[in-house]
Each structure stands twice: as structure tokens, then as C-alpha cells.
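Enquirer: Below are the C-alpha cells for one structure; questions will follow.
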2 protein chains.
Amino acid sequence: MTLKDHFPILTWGRSYDRGAFGADLLAALIVTIMLIPQSLAYALLAGLPPEAGLYASIVPIILYALFGTSRALAVGPVAVVSLMTASALGDVAQQGTTGYAAAALTLAGMSGLLLLAMGLLRLGRLASFLSHPVVAGFITASGILIAASQLRHILGIDGGGHDLIHIARAMLNNIGDTNGPTVIIGAAALIFLFWVRRGFGPMLHRLGLGRTAVDIMVKAGPVFAVATSTWAVWQFGLQDRGVAIVGAVPQALPPFTLPPVPLELVRQLTLPAILISIIGFVESISVAQTLAAKTRDRIDPNQELLGLGAANIGAAFTGGFPVTGGFSRSVVNFDAGARTPAAGILTAGGLAFAAIALTPLIHFLPKATLAATIIVAVLSLVDLSILRTAWAYAKADFAAVAATILLTLLVGVETGVTAGVAVSLLLHLNRTSRPHIAEVGRVPGTEHFRNILRHEVETQPHVLALRPDESLYFANARVLEDLILDRVTRDRAIRHVILLCSAVNEVDLSALESLESLNERLGDMNVALHLSEVKGPVMDRLKRSHLLETLRGDVHLSHHSAVRALDVPPLPTAA
Amino acid sequence: MTLKDHFPILTWGRSYDRGAFGADLLAALIVTIMLIPQSLAYALLAGLPPEAGLYASIVPIILYALFGTSRALAVGPVAVVSLMTASALGDVAQQGTTGYAAAALTLAGMSGLLLLAMGLLRLGRLASFLSHPVVAGFITASGILIAASQLRHILGIDGGGHDLIHIARAMLNNIGDTNGPTVIIGAAALIFLFWVRRGFGPMLHRLGLGRTAVDIMVKAGPVFAVATSTWAVWQFGLQDRGVAIVGAVPQALPPFTLPPVPLELVRQLTLPAILISIIGFVESISVAQTLAAKTRDRIDPNQELLGLGAANIGAAFTGGFPVTGGFSRSVVNFDAGARTPAAGILTAGGLAFAAIALTPLIHFLPKATLAATIIVAVLSLVDLSILRTAWAYAKADFAAVAATILLTLLVGVETGVTAGVAVSLLLHLNRTSRPHIAEVGRVPGTEHFRNILRHEVETQPHVLALRPDESLYFANARVLEDLILDRVTRDRAIRHVILLCSAVNEVDLSALESLESLNERLGDMNVALHLSEVKGPVMDRLKRSHLLETLRGDVHLSHHSAVRALDVPPLPTAA
């Protein structure tokens, strides 16, 4: 490891030139325009004051630029992590209190330290324990949950809840308080934003505008909605007619904040911090890898952990909340031509300018508009086709994705993702605990041995040849023993049992003890146990045990040689 | 399924005769003598009044006799489950309160229902998810913990705690209160009981007594210690000199009790009930199978779940606490010649007689004597050799057993066993997430293909043949893809990649998506992906996906035919 490996900036910084700067500046401009309303909106989603969204986008972006390996990844508040933040903080403090905002700092700091630790321990691989169906199901369910949680802002009513049941119950209780002017603003913003996505862009294309121009105008849609609705509130004094507005936002650079660390709070936030770190990392790395593949760049997962860890620690000390690499902003950054992480630093500059200069302008910004931008953004995350794909391919994968979606929607994000992982693991164990064990025979005229149920093969009456199609370990240790003893007890002609171990990739201690007991009990019945085609690593391990010394049969390199060696008159049957 | 399958009594009851009755009666007598002090002692360990131990041995034994499949298994309070009960109840109520005893009923009822449910769902296999190292480590650590927790009764001081740290701290705080007479009784009982086990039995043998007579006399050792120390307390009025005694015990048959089921209590006891059910089941089934093997009997795990479930529900309604099949009492029952489960019913009769007639006699029984019987019994559970065995065989197994022992001792039984299972699973995932992937070549003159690093084999420059020695699933889905892309990028001569799938027992949805992406990206590089020796069940699954349609290479029955098919001039290199 050299310094360069941990500070990618030392690589790209050396060849940075005016061309790269120009490209990065344009990308930064577009991303900044997009990020201003998005940052405010995700702060709202996380239950925090709007400026927290801006703060969470400034220092973290710079720190990621210093440590991260992706050229295009834009780090900041994202929808799913903001939802998880709200869910975690809702258990420890009341929204709107200083304790709530302080706990957000603690959560960001803990996530940052966890990510850093995983990076230093090179545990990037751990993210693969979240299976694809679980991640896809979780993202989809989170999108639905986020959209549902924002509906109350469109209606202008009180509410809350971190699962569909509580959200719906709170909405039904308050539906009578629906505020007319808020609904008009919210519905108009929703319709406008959907139209910008679906109708406006294609229309501009047909009018012959270039791709970049169209892109900028589409991305500016939320800014336009924000400006127009803010103006409308101010013009007609709608804040006095019940329209909830953002209100006073401090006009300042990110403050220096110290996350509080009382033991009880740390204990309560440990599980959420772990889940936020892992989900955030998985989301971020998949975005980074998708974009890197397009330019044949390499993403180093362990270095990414360091970059995201630094970004979150930055958020903790500058009034932010947990952040990660976001999909939409990164794609925008990439499409707008960002060439180096410097684009991120320039974006941070743009947002810092917004925090100082533009915050007075958003005083009258209605929360309904922010809610509309969130809803439009997250509905693109919702993709239920994974259910159909999984159902068609494997019921176990379907069970994992269905459990994740249902529990996320009905119980909450933490339960949902935890249950998804647990279901994946249990189903994996369950499958491997009932291994496919084929009885094999020789394909005539060859040295190949195949399942007697699927192929026309030759067998010998005094030899039972079995191929366990699974590693032998604790979850299935006794299955093979029980099966063989059952077969040998019923068929008295069997004098030799050969285990064809070509598919056995591991024999753990539980399975070893089962094999030793099998060998002994077969010995009592005057039957010899043989092994064939044992893999090198498994053989190395077995040599450290007593099994090979006590084995009544032999170990054969190939199953063919095992069968040929036993192709002699059978041993005499025991008296 | 017939009625006979669920009521084994219908099988053995039909041929029950006077000979069987005589054998069962003798066994019952010996087991009763042994169980009276043991039941009282395990009630003390569980933190319950002594009569609860007798009650937990009466109705549960009868119910197990009706539903269980083991002839010799003796069901009742056992050391490890009593310790787990104390640990679970300590979190919800104060020892000595009626709430504590009532919660014990709830815990027994919940365990019973869980066991019944597992039996009806035929989930007996689930017990195998506890690996052998975890169970062995847990039993050993529990033995140490139990012995440590009983030391305070030997010293006659207050104490408490469910892990070594708390137990030691409480003892050190109170060591100044050590009661002289109690220490004398406790130490004498300890020395006497150890001597009975180690010295007395062999001595009687040398004197020429028969095995059965020696056995009865050794088993009566605790009864003798109980009788002598009770007499001493009564004779010398030691209860007034600070010796803690059992005190008044109601003279009655087991009462009818209703376990309370407030939601909060049920919630708090859910995890402990699950762990107690599984640990109890694993302990019981291994005892039952060990004994059944000696008589070539068959134990049906799912029917055992029903038997243990019924026993625990019986305990819940008759003033007991969680029970399971115990090792020592079952071995005694077996050695004493029990022929049918009727021996259990007769034992229940003996204990019912004790509950009615003998309870006044134990008023002056010192708790120190009971503690001594517990300590002597559990130290036989302690076997640290599993640490050495595991270390020699596999570091992963060692990690699981070490984590189980350490966490059980230092944090508690629930954390210990949960962590053991979690560590087993994570290490299993970790191993399979870094699969051994061998590059293979042909053993000259044969149709066999072996690892190029371990054997002298032939390869072709335009063919990369890899054998992943693991099922492809979410935990390792991307490893293979990354490895192949890396190899193909570096070695431009490669035109064909063959995956030798003889060790691939499963391809889940995550891995399928990775293979599809691999196929596509290899296609971009003008490299064909082939599969060989795909197992039947995996092939059936792949046929339901789009992979085989889009595959640029072929699927070959044998790796040999794949290599022969590609043994042609290589495809032209892409421009």
C-alpha cells in the first residue's frame, strides 16, 4: 500500500488541467441546481430543519472527493438513507427538538466510524451478504414508504409513522384537517414535476434542442417549481391560510458541531447505524460500479468504504446527517461530463454559496413543493418486476424479496432489511441442509459417472456409490450418515460404500464427526467406506483428523479407479 | 400418518407384560431416588421454590411417556435449561416473588407450544443449525457458570448474576458474610459427593458387589448427603446459626396452574423460549439417539418435538418450569433396565408419593447440600477438549466454539448461544463467499481434469477452464465474474471460458444475474462462455432463465467433450 492508494487525489490531481476544470465546472453547476431543492427535501424526509440538508451536502462531498475512487459519485443525503435516519431517530427523540438534530449527528458519526472500520479491515466483501433480491425489494419498498410518508405534506395535515399502517392511520385521523391552498400547491407541483420528467424533455427534443440543454432544463424543473410556489405563497400570503412553509433558515456556512455520545444513545443507535452503513454502502458502490463500467474505470470497494466513512464523519461535525452516494445526482454528474472528483468540490462550493446567499429566498417555500419533489424522485425507485423475476426463477429468492418488501412496508425499514437478510440466510441453510445426494453409476464405455435416475448407467450390487451435491457441514452433517445407514441396513448385498466427493467443497468439524461415526458403524456391519475425487483443500483438512487412519476403505484419486479396484468378487457376507 | 405414529404408546402398550413391568419398576425406583434431590436442586438453580422441581418432574414425565419415542429418556428439570430459565426470568421479575414463579409457567408454556409447532411442521431438522462445536461449547460453559452460581450457597452468602463477572462481583461484595456452619456442611457434602463418584463406587466393586447394587448405592449418595445434612441441621439447630434451609414445602400433588399471558411478558420471553426450546431439544434428542443406538431403536425427531412440547405444556399447567430430556437421569434409567416408557410413568408415581409424603422431611434440608449436588453433577458436563479438537481441525470451528464459551461465561447464556450460531453462520458464509476456484487442465492420456497448481496437466492457450468449488449464490455471486473479467482482460489469447460446474450445487438469482452480466461482457470482448458438467437440478433451474438462450458458448455434458469441441484453431482475435 502506498500513500497514493489511500489518497486517489494524488493520482488524478497530478494531471488536472483546464479542460478537466471546464468539464467539472459545468457538471458542478448542473448538479448544484438539482441539489438545492433535493437537499432541502431530504432534510424534510429525515425530520430535520432544511439547512441540515445543505450542510450534509457540503463537507461530505469534499471529503469523498479526497478519499473516494469514483469520478462521478455525488455524495450527500439520499432518499432511502434519509428514511432510515428518520426511522432510527424517531425511536430516540421527538422531531423538531435539538435532541433529534443532535442524535442525527451521532448517527452520522457512528455510521462514519463503522464504514471507516470496515474499510480498514478490508471488509468490503461483507456487502455481498445482502442478496440482490433483498436489496431490490428493500429499495422498492422504501420508495413506496417514502412516497406515502410525504402525502401528508401535500394535504397539509399532521401525521407521522415509519410503516404503511401507522402512516395510513395517522393520515386517516387527520384527513379532516386537509388544507385547501396546500393541496392546490402540492398537486400542481406533483403534476408539473411528472410532466417535466415524462412530457417536457421529449417535447424539447422534438423541438430540436441539444441533449445537454434539454438535460439542464429538465433538471431545473424542481427549481422552477420551488421558485414559483415560493413566489405564490409570498404573493398571496398563503402562510397565513395554513400553508406550511420552510420558514427562517440561518444564512451561514455549515457550523462546527460535536455529536453527543451518551452510552444509552449509542446503544440505541447501534443497529440503525450498522444497517444505514451497509445499505448506504451497497447503494453507493452499485452506482459507482455502474458508472465506472461505462468508462472502464476500477472501483476499489475498500477505498470506497474509507471515502464514505470520511464523508459521514464530516457530516457529523458540520450539522449534517447520514449521507451516501446517490443514484440520480451521480448519474446527472456523470451525464453532465464530470471528469474528476473535483466536480464534487466545485458542487460543494455552489452549495456553500446557496447556504450563504440563497437561504433568505426560501423562507416562503411551501413544504408541499418539497414533498412533491421527493415523491416524483422516489417513485422511480419502485420496481416490482423483481417479484415476477424471482418467482419465475426460484421460490426461495421470491420468498426473500417478498419478505423484505412486506416487512419493510408493514413494520419498518430496519425490520424489513434485517428480515430479508435473515430469510436469505435461512433459506440458503435450509437448501444446503437437505442436499441433493445422487446415486451414481458408470456411463457405459466411459470413465464418467452419472445419477442413476437421470442416465442409463452400470452399477454393481455390492457397491453403493453416492455423490453428495453439497459441502458437508453442520447444517447437513447427519443427513448423509442417516441415508447411508438406512440404505446399507435394507440392502444386505452392499459391502462397499463410495462417497464421490467432487462436489464436496468443505467438511467441517460437525461433518467430520458424523463421517467418523458413519465409518465406525459401517465397520460394525462389515461394510467398507471409501472416498473418491476428494478435492485438494478438503484432503489437506482431513489429513489433520483421525478419519483417514481409521477408514476401512481407501481414498481414490478418481471415482473410476475406485470402482475398478472394487470390481472383484464381493467380500463374504458377515455371518 | 396413522394414530399409531402419533401415539407410540399404542405400539409398546399392546405387548406390555409382567416381565417388562418388573424391569420398569426397578428402573423407576432407582430413578426416583436419584430425582428427589436433583429436582429440588434444579428448582433452586432456576430460582424457584423446591416443590416446583418435584412438580416439573411428575406430569411432564407422564406426557412424554405418552408421546415420545425413546424408551429410556427421562424428562424433567435439567441443569442447562434451569440455568437458562433463571437467566430469562431474572430479566422480568424478582426471584422469590409470585410473579417470578408465574413467569416460569409462561416460559414453560411458550416453549411447549414452540416445540409442538415445530413438531407439527416437521422442523426437527432445524436443530442441526446448531453446529456441534456450538453445542459442545455451550454445554461446557453452562456447566462452569452453574457451578460458579452455586458457590454462594456453599458459602452461605447472598449473591446473584447470570454471567461470571456479575457472579464474581456479587460474591466478592458479600464474602465477608460467609457463614461458618454452612461452609462446613457445603464442603463436607461436596467432598462426600465427589468421593462417592470417584472413590466409593470403585471401592465397592473391589469388594465384589454386583454392578446393579453398586449403581444403586452410588446413585443413593446424594440422598444420603441430603438425609445426613438435614438431620445435622435439625439436631444442632443450625437454621438459627445462619444455615439457609429449604423450609416449609407444601405437602400436595402438583397444583393446577394457569400460566399468565400478558403481551409484554410474552414479548420479553419470546427469545428465551425459542432458545430454551432448541437447546432443550438438541440436548434431549442427542441423549435419546445415543441410547437408542445401543438397542438399534429408531428415534423420530419430529415425534420427539411433540413429546417434549406436551411435557412442557404439562409443566406450565402444574406449577413447574421448562423441562427436557436429561442426560444423567436417562442414562440411569437405561442402565437400570427400563424397557418401556412405562418406567417414566412409574417414576412419576414415585415422585408424586414424595411430594405428598416426604416433603415435611426436607424442611431442614440445607441449601448448601443441594448446591453441592448441583456442582458435582454439572462439573461432568465441563469438557474443554473440544477447544483443542477444533483448533487442530479448523480455525473456523475453533472460533465458533471459543466465541460460544467466552460469551456464555462473560455475557450470559442467551448471548452465548446466539453468538455461537451467528458466528457459525457468518464463518460459513465467509468461507463460501471466497470460493476456491481452480484453473483445470487435462491429466495426460485421461479424460480427467485437475487443478493446474496441484497436478501435471495439459492446457490450451485459447481456453480458460475454471472449476468454482462452491455453489454460486449471493454471498459469492460477483467473485467469479470479477476473477474471469480480470483474467480475460490481462490475457488476450483467451477466446473461450469454460466453467466446469461439477461442484456447483446451486445458482441463485443473484448469481444468475452475475452470470448473465459476465456472458454479456465477455461477448463484448469476443470471448465465448461455456458451461460443462452442469448438475441436473441446476440445469433445470437455468432453463427457466434467459441465460441459456443468450449464452455465446455451449453447454457440454462432460468437460472432456467441451475441451475436445474447442480443440480447433482459435477464433480470430477481435480487431
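The values are calculated or read from the model by the stated rules, or taken from the named source; none is laboratory data. Predicted, not measured: the structure shown is a model, and the values here were computed from it. A quick note on method: Cβ atoms are made from the backbone with ideal geometry, for glycine too, and the neighbour counts reach across all protein chains shown. Note: accessible area is taken over every heavy atom of the protein model, side chains too, but ligands, DNA and RNA are not part of it. Shrake-Rupley method; radii C 1.70, N 1.55, O 1.52, S 1.80 Å.
Enquirer: Within the stretch A:17-37, is there a residue that is of a type in the set (Asp, Glu), free of Cβ contacts under 8 Å to residues at least 40 places away in the same chain and farther than 24 Å from A:Leu306 by Cβ?
Expert: yes
Enquirer: Does the stretch B:208-231 include one or more residues that are over 25 Å from B:Ala79 (Cα atoms) and aromatic (Phe, Trp, Tyr)?
Expert: yes
Enquirer: Might you check whether a residue that is in contact with a strand residue (DSSP E or B) (Cβ under 9 Å, 6 or more places away or on another chain) and part of a helix (DSSP H, G or I) occurs anywhere in the stretch A:251-266? Working first, answer last.
Expert: Start the filter on the stretch A:251-266 by keeping residues that are in contact with a strand residue (DSSP E or B) (Cβ under 9 Å, 6 or more places away or on another chain), which leaves none.
No, there is no match, as no residue in the stretch A:251-266 is in contact with a strand residue (DSSP E or B) (Cβ under 9 Å, 6 or more places away or on another chain) and part of a helix (DSSP H, G or I).
Enquirer: Just need a number here: residues in the stretch A:238-282 that are open to solvent by less than 40 Å² (accessible area, probe 1.4 Å) and at positive phi.
Expert: Summing the residues that are open to solvent by less than 40 Å² (accessible area, probe 1.4 Å) and at positive phi in the stretch A:238-282 gives 1.
Enquirer: Shifting gears a bit: So in the stretch B:255-266, with the set limited to residues that are closer than 24 Å to B:Gly119 by Cβ and not aliphatic (A, V, I, L, M), which one is farthest from the chain's Cα centre (by Cα)?
Expert: Here the answer is B:Thr257.
Enquirer: Being crowded, with 17+ Cβ neighbours inside 10 Å and either basic (Lys, Arg) or part of a helix (DSSP H, G or I) (or both) is the filter here; which residues of the stretch A:7-19 pass it?
Expert: The initial filter retains those residues of the stretch A:7-19 that are crowded, with 17+ Cβ neighbours inside 10 Å, namely A:8-9.
Correct list: A:Ile9 only.
Enquirer: Pick from A:Ile146, A:Ile154, A:Ile175: which is out of contact with any strand residue (DSSP E or B) (no Cβ under 9 Å at 6 or more places or on another chain), touching a residue at least 12 places away in the same chain (Cβ under 8 Å) and within 21 Å of A:Leu384 (Cα to Cα)?
Expert: Details: A:Ile154 fails: within 21 Å of A:Leu384 (Cα to Cα); A:Ile175 fails: within 21 Å of A:Leu384 (Cα to Cα).
Being out of contact with any strand residue (DSSP E or B) (no Cβ under 9 Å at 6 or more places or on another chain), touching a residue at least 12 places away in the same chain (Cβ under 8 Å) and within 21 Å of A:Leu384 (Cα to Cα) holds for just one of A:Ile146, A:Ile154, A:Ile175, which is A:Ile146.
Enquirer: Pick out the one residue from B:Ile175, B:Ile157 that is more than 25 Å from B:Leu381 (Cα to Cα) and open to solvent by 60 Å² or more (accessible area, probe 1.4 Å). Outline the logic, then answer.
Expert: Numbers: B:Ile157 fails: open to solvent by 60 Å² or more (accessible area, probe 1.4 Å).
So the residue among B:Ile175, B:Ile157 that is more than 25 Å from B:Leu381 (Cα to Cα) and open to solvent by 60 Å² or more (accessible area, probe 1.4 Å) is B:Ile175.
Enquirer: Does the stretch A:530-540 contain any residue that is open to solvent by less than 50 Å² (accessible area, probe 1.4 Å), closer than 30 Å to B:Thr295 by Cα and at pLDDT 90 or above?
Expert: Yes, the conditions are met somewhere in the stretch A:530-540.
Enquirer: Return the residues of the stretch A:418-429 that are under 26 Å from A:Cys501 (Cβ atoms), touching a Phe, Trp or Tyr at 6+ places or on another chain (Cβ under 9 Å) and either open to solvent by 40 Å² or more (accessible area, probe 1.4 Å) or away from chain B (no Cβ under 14 Å) (or both); say none if nothing qualifies.
Expert: Within the stretch A:418-429, no residue meets the criteria.
Enquirer: Sticking with this structure for a sec: Evaluate the stretch B:132-147: report whether one residue or more is open to solvent by less than 40 Å² (accessible area, probe 1.4 Å), of a type outside the set (Val, Ile, Thr) and not in a helix (DSSP H, G or I).
Expert: For the stretch B:132-147, residues open to solvent by less than 40 Å² (accessible area, probe 1.4 Å), of a type outside the set (Val, Ile, Thr) and not in a helix (DSSP H, G or I): absent.
Enquirer: Take the residues of the stretch B:476-491 that are within 40 Å of the chain's Cα centre (by Cα) and open to solvent by 20 Å² or more (accessible area, probe 1.4 Å): which is farthest from the other protein chains (Cβ to nearest Cβ)? It would help to see each step written out before you state the result.
Expert: Residues of the stretch B:476-491 within 40 Å of the chain's Cα centre (by Cα): B:476-483.
In the following step, the residues that additionally are open to solvent by 20 Å² or more (accessible area, probe 1.4 Å) were identified as B:478-479, B:482-483.
Details: B:Arg478: 6, B:Val479: 8, B:Asp482: 10, B:Leu483: 13 Å.
In this case the residue turns out to be B:Leu483.
Enquirer: Restricting attention to the stretch A:457-475, report how many residues are more than 19 Å from B:Val534 (Cβ to Cβ) and either more than 10 Å from chain B (Cβ to nearest Cβ) or among the charged types (D, E, K, R) (or both).
Expert: 10
Enquirer: Let me ask you something else. Since B:His436 meets every condition but one in (1) touching a residue at least 40 places away in the same chain (Cβ under 8 Å); (2) at the interface with another protein chain (Cβ under 9 Å from one of its Cβ atoms); (3) surrounded by fewer than 21 Cβ atoms within 10 Å (Cβ to Cβ), which condition does it not meet?
Expert: Failing condition for B:His436: (1).
Enquirer: In addition: Check A:Ala187, A:Ala213, A:Ala288 and return the single one that is part of a helix (DSSP H, G or I), in contact (Cβ under 8 Å) with a residue 24 or more places away in the chain and out of contact with any strand residue (DSSP E or B) (no Cβ under 9 Å at 6 or more places or on another chain).
Expert: A:Ala187
Enquirer: For the stretch A:190-210, which residues satisfy the criterion of being closer than 21 Å to A:Ser328 by Cα and either open to solvent by 80 Å² or more (accessible area, probe 1.4 Å) or in contact (Cβ under 8 Å) with a residue 24 or more places away in the chain (or both)?
Expert: A:Leu190, A:Ile191, A:Phe192, A:Leu193, A:Phe194, A:Trp195, A:Val196, A:Arg197, A:Arg198, A:His205
Enquirer: Scan the stretch A:38-53 for residues that are open to solvent by less than 40 Å² (accessible area, probe 1.4 Å) and either outside any helix (DSSP H, G or I) or more than 18 Å from A:Val80 (Cβ to Cβ) (or both) and jot them down.
Expert: Initial filter on the stretch A:38-53 (open to solvent by less than 40 Å² (accessible area, probe 1.4 Å)): A:38-48, A:50-53.
Passing the criteria: A:Ala46, A:Gly47, A:Leu48, A:Pro50, A:Glu51.
Enquirer: On to the next question. Taking the stretch B:323-350 on its own, how many of its residues are under 16 Å from B:Pro222 (Cα atoms) and either surrounded by fewer than 22 Cβ atoms within 10 Å (Cβ to Cβ) or of a type outside the set (D, E, K, R) (or both)? Write out each step before concluding.
Expert: Narrowing the stretch B:323-350 to residues under 16 Å from B:Pro222 (Cα atoms): B:328-329, B:332.
This time we only want the ones that are either surrounded by fewer than 22 Cβ atoms within 10 Å (Cβ to Cβ) or of a type outside the set (D, E, K, R) (or both), so: B:328, B:332.
So the count comes out to 2.
Enquirer: State yes or no: is A:Ile386 modelled with pLDDT of 85 or more, within 14 Å of chain B (Cβ to nearest Cβ) and open to solvent by less than 40 Å² (accessible area, probe 1.4 Å)?
Expert: Against the criterion (modelled with pLDDT of 85 or more, within 14 Å of chain B (Cβ to nearest Cβ) and open to solvent by less than 40 Å² (accessible area, probe 1.4 Å)), A:Ile386 qualifies.
Enquirer: Taking the stated definitions as given, is A:Leu453 within 13 Å of another protein chain (Cβ to nearest Cβ) and surrounded by 19 or more Cβ atoms within 10 Å (Cβ to Cβ)? Let's see the steps before the verdict.
Expert: Working: within 13 Å of another protein chain (Cβ to nearest Cβ): yes; surrounded by 19 or more Cβ atoms within 10 Å (Cβ to Cβ): no.
Spelling it out, it is not the case that A:Leu453 is within 13 Å of another protein chain (Cβ to nearest Cβ) and surrounded by 19 or more Cβ atoms within 10 Å (Cβ to Cβ).
Enquirer: Within the stretch B:396-417, is there a residue that is at pLDDT 85 or above, under 30 Å from B:Leu500 (Cβ atoms), part of a helix (DSSP H, G or I) and within 13 Å of chain A (Cβ to nearest Cβ)?
Expert: Taking every residue of the stretch B:396-417 in turn, at least one turns out to be at pLDDT 85 or above, under 30 Å from B:Leu500 (Cβ atoms), part of a helix (DSSP H, G or I) and within 13 Å of chain A (Cβ to nearest Cβ).
Enquirer: Going through the stretch A:439-450 one residue at a time, which ones are under 47 Å from the mean Cα position of the chain (by Cα) and either within 12 Å of chain B (Cβ to nearest Cβ) or among the hydrophobic types (A, V, I, L, M, F, W, C) (or both)?
Expert: Within the stretch A:439-450, the first condition is being under 47 Å from the mean Cα position of the chain (by Cα), and the residues that meet it are A:439-443, A:447-450.
Hits for the stretch A:439-450 are A:Val440, A:Val443, A:Glu447, A:His448, A:Phe449, A:Arg450.
Enquirer: For the stretch A:541-560, name all the residues that are surrounded by fewer than 17 Cβ atoms within 10 Å (Cβ to Cβ) and farther than 21 Å from A:His462 by Cβ.
Expert: A:Lys543, A:Arg544, A:His546, A:Leu548, A:Glu549, A:Thr550, A:Leu557
Enquirer: Regarding A:Ile374, is this residue in contact with a strand residue (DSSP E or B) (Cβ under 9 Å, 6 or more places away or on another chain) and more than 10 Å from every other protein chain (Cβ to nearest Cβ)?
Expert: So A:Ile374 fails the test.
Enquirer: Where residues in the stretch B:62-78 are in a helix (DSSP H, G or I) and open to solvent by less than 10 Å² (accessible area, probe 1.4 Å), which of them is modelled with the lowest pLDDT?
Expert: Here the answer is B:Ala65.
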